[in-house]
1. Give the range 56-79 a look and list any residue that's small (Gly, Ala, Ser) and part of a loop (DSSP other than H, G, I, E, B), or say none.
2. Which condition number in (1) under 15 Å from residue 168 (Cβ atoms); (2) touching a Cys at 6+ places or on another chain (Cβ under 8 Å) is the one that residue 300 fails?
3. So which residues in the range 35-44 are open to solvent by 10 Å² or more (accessible area, probe 1.4 Å) and touching a helix residue (DSSP H, G or I) at 6+ places or on another chain (Cβ under 8 Å), if there are any at all?
4. For the condition within 24 Å of residue 38 (Cβ to Cβ), more than 16 Å from the chain's Cα centre (by Cα) and of a type in the set (A, V, I, L, M, F, W, C), what is the one hit in 290, 299, 285?
5. List every residue pair whose Cβ atoms sit under 8 Å apart, with the two residues 6 or more apart in sequence or on different chains, where the first one lies in the range 103-122 and is under 22 Å from residue 6 (Cβ atoms) and of a type in the set (A, V, I, L, M, F, W, C) and the second, anywhere, is open to solvent by 10 Å² or more (accessible area, probe 1.4 Å) and part of a helix (DSSP H, G or I).
6. It is to be established whether one or more residues within the range 214-229 are of a type outside the set (A, V, I, L, M), farther than 29 Å from residue 116 by Cα and free of Cβ contacts under 8 Å to residues at least 24 places away in the same chain.
7. Spot the failing condition for residue 198; the list is (1) surrounded by fewer than 15 Cβ atoms within 10 Å (Cβ to Cβ); (2) outside any helix (DSSP H, G or I), and only one is missed.
Amino acid sequence: MSVSEFRALRVFKETDGSFRHQVVERHISELPPGDLLIDVKYSSLNYKDALSATGAPGVTRHYPHTPGIDAVGSVLESNTDEFQVGEIVIVTGFKLGMDIDGGFGQRIRVPAKWTVSKPKELTPQDSMVVGTAGLTAALCLKKLENSGMNHRSGPVVVTGSTGGVGSCAVSLLGRLGYEVHAVTGKKTQHEFLRRLGAHKVLSREEFMDGSHRALQRETWGGVIDTVGGEMLMHAIKGLRYGCSAAACGLVSSAMFPGSVFPFILRNVNLLGVDSAETTQSDRELVWERLASEWRIPHLRELQHIYGLDTVMNGINKLLKGEMIGRGVVDLSK
């Protein structure tokens, strides 16, 4: 196969509204315009990828389509002085894998502003164990610390802690010496979370006890929430005075039930975190930290490897809530 030809997972929308998946051979002439043509070595599995691959409304508008919001690989062609041919780069978010063909193909073409140089301390594979999930967890931590969170603030609770963002957050916070309390509905994963760095593991039922109350006992020095809905509101009710919750997910619900009591009686903050549109300069800063003082431990323990021919197995696990840690897609073969 020549440099101009490559394999990709394609999602087709059928006339009856169903969706079909097939690994096909493509040509780079089929890709959209962009500054960089990249030879993708690894991608990763994210909830957005699962939604795009199964035709969830409002996620991907045009089919056939190649999902994959993350990619790492070498530059094959460059129309900018910012990146050189042969350089290893990381692309996450923006419209990659959503409205333009993404990382579940061995070639992508993207604007330079979506791209950052891979830190030399991270292997390409490790950078995709981190991927959007680890970047999001780090952005949550950055925003919480910028809002005043420190080691004296109190325990930090992470919801959805066995998922991609949650497991990265538990590992990162544990590495940095925070007291981490992990919330999960998976009874078999408590030891896994402790190995990642959780000081305490709470079941959903234990965490949500007393959720009918307007306020909870002041407990949390910070919150990283990947779930949304009632669990996010319940976590906010338990924040200590002046502390903050970072919200970055909605796997439970996009709705936000509750009252203003925690905000006006305890002076707490709700911080929204989005990694998809984060500026290139902020991405570069956070990726450098993720390769050094914020390097996430246990990267190899977090990962599950898929190929293009098996990636739908991983997507199905994600949709069923069975994915633990991070799914990495190997396109290098």
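The values are calculated or read from the model by the stated rules, or taken from the named source; none is laboratory data. Computed from a predicted structure; not experimentally measured. So basically every Cβ, Gly included, is an ideal-geometry build from the backbone, and we count neighbours across all protein chains shown. All accessible areas refer to the heavy atoms of the entire protein, side chains included, with ligands and DNA or RNA removed. Shrake-Rupley method; radii C 1.70, N 1.55, O 1.52, S 1.80 Å.
1. Scanning the range 56-79 gives 56, 58, 68.
2. (2)
3. 35, 41, 42
4. Residue meeting the stated conditions: 285.
5. So the pair list comes out as 114/280.
6. Checked against the condition, which is being of a type outside the set (A, V, I, L, M), farther than 29 Å from residue 116 by Cα and free of Cβ contacts under 8 Å to residues at least 24 places away in the same chain, the range 214-229 yields at least one hit.
7. Condition not satisfied by residue 198: (1).
Yes or no, residue by residue, for (1) surrounded by fewer than 19 Cβ atoms within 10 Å (Cβ to Cβ); (2) in contact with a strand residue (DSSP E or B) (Cβ under 8 Å, 6 or more places away or on another chain):
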site: 224; (1), (2): no, yes
site: 230; (1), (2): yes, yes
site: 241; (1), (2): yes, no
site: 244; (1), (2): no, yes
site: 267; (1), (2): yes, yes
